[in-house]
1. So for the chain, averaging the separation of alpha carbon pairs under 8 Å that are six or more residues apart and normalising by length, what relative contact order in percent results?
2. Once phi is turned into ³J(HN,Hα) by the Karplus curve 6.51 cos²θ - 1.76 cosθ + 1.60 with θ = phi - 60°, what whole-Hz value does each residue of region 240-250 show in order, with x for glycine and proline?
3. Per-residue HN-Hα couplings for region 209-215, Karplus 6.51 cos²θ - 1.76 cosθ + 1.60 at θ = phi - 60°, whole Hz, x for Gly and Pro?
4. Long-range amide H contacts for GLN127: which residues qualify at under 5 Å (H placed 1.01 Å from N, peptide plane, sequence gap of 5 or more or a different chain)?
5. Pull up all non-local amide H partners of LEU170: gap of 5 or more, or a different chain, and H-to-H distance under 5 Å with H placed in the peptide plane.
6. Using Cα positions and a limit of under 19 Å, work out the lysines in reach of LYS178, with same-chain residues fewer than 8 apart set aside.
7. Between LEU77 and LEU114, how many nm apart are label points set 7 Å from Cα along the C-beta direction?
8. Per residue of the chain, what 222 nm ellipticity follows from adding -39500 (n - 2.57) for every DSSP H run with n ≥ 4, rounded to the nearest 500?
Amino acid sequence: MNDRFYPPKDSAWVRGAVNCCFPLGLRCLTPVRRVSVAAADWEHLQALEGGRALLLPNHPTVLEPLIMAWLSRQLRLPFNYVATDEIFTGLRGWLVQRLGAYSIRRGRPDRKSLRTTRRLLAEEDRQLVIFPEGETHTHNDKVIPLHPGALQMGFWCLERLEELGKPISLPVLPLFIKYRYLADAGSALRAALGRLEQCLGLDAGGDSSLVERVRRAAMEVLAGVESEYGFRPPAEATLDERVARLQEYIVQRAAQVIQVEPPRETAVHLRLRTMCNRVYDYLHHLDDGLTAYQRRLDGRREVAVRGCLNDLERLQNFMAVSEDYLAPPHTQERLGEIIARLEKEVLGKRRLWPPCEAVVRVARPLELAERLPAYRADRRAAVAESTAEVEARLRALSRETRDLGIPASPSAPAATDSEPVGGNN
């Protein structure tokens, strides 16, 4: 069985070198040109100095770990990070370990990772970043249901503090990261749509609005995938019904390949998360073969299972294509998310990256120690209630920033935010 664990190997000199290069790296390697935090939210972050804390950001894209590293740099606090073990390879793996990241295996308990979490929080009083949504989901205007593991680890930390005779306290900070374009990106969106329309054999948009063109391209891509899988949707089927049918087929097929029961959750995000975790768990067991022939069989199975992962990732491309996400308010940022996902399906990679600003909002901290008596009375209920509270605070921040961005209609004024603290330095 694959029991690899990648521990944190914090290195002051590596962190210092990265901090020196960070502004240039952020500008050159990502579309983020600056990070803004309102003054009131910055006070919540500054209160972390000198004490342990659990930071729980949303995770719509691959950029959030970099935004959290920016906060760590600005605060001069060496955060630790929990990350899926797939990223700990090559130079990237070497680097993130020395920046304080350590691995966790998806789909099964990881005792080494859990022990490291308790040590960092309870024994070393560190600030730990966990992304409780569990995976990227492309919806920068939404929060998907949180995984309860982050809050469960918080309660285990409190129990360890009791054993050590230390003050029992663990602030939990929900953070919401929202991206908005720095300038009107209409020309970039239209150019990206033009490339998609050409590849899809669609006529140029003409006088059609951006929203209409995005919808038309999305429907054409969906029809192509349905045709590949042999689907013929009913004429009266809605967009959401067609995507749900596609999702059900892909999940059922993955469950059949790895010989497990399909997930019982009804929400597409939860079904996708559960199925991905089961596939990764299956992959972790594929090196159990003792003989050469068993290892050969494992290799053949891995090819099939990797195909399931590709299908599940493909399904993610349609998670941002829904009636709800295509409904008002129409912002260029939201349309850009959909276009980028369609690019991955049609062109094989994302090409649309307009320069943007990352706006960080911080909710009022939740003191987990106040819920310890409830945890002792009913552990499962206390974890569920604490997770729901963090999720509610993230959703509140999401609603507050919903209109933050550039309207798709050029006649409407762009939304503004409160005076930021910090910048891109």
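A short reminder: the numbers here are calculations on the coordinates, not readings from a lab. What you are looking at is a predicted structure, and each value in this text was computed from that prediction instead of being measured. Glycine gets a Cβ as well: all are built from the backbone with ideal geometry, and neighbour counts include every protein chain shown.
1. Working: 622 pairs, mean separation 118.4, N = 425.
For the chain, the relative contact order is 28 percent.
2. 5, 5, 5, 5, 4, 5, 4, 4, 4, 5, 5
3. 6, 4, 4, 5, 5, 5, 4
4. HN-HN under 5 Å from GLN127: ALA53, ASN80.
5. Hits under the 5 Å cutoff: LEU368, ALA369.
6. Counting by Cα, and skipping residues close in sequence, LYS178 has these lysines nearby: LYS142.
7. My value for the distance between the label points is 2.6 nm.
8. Numbers: 14 runs with 210 residues, N = 425.
Computed mean residue ellipticity for the chain: -16000 deg cm²/dmol.
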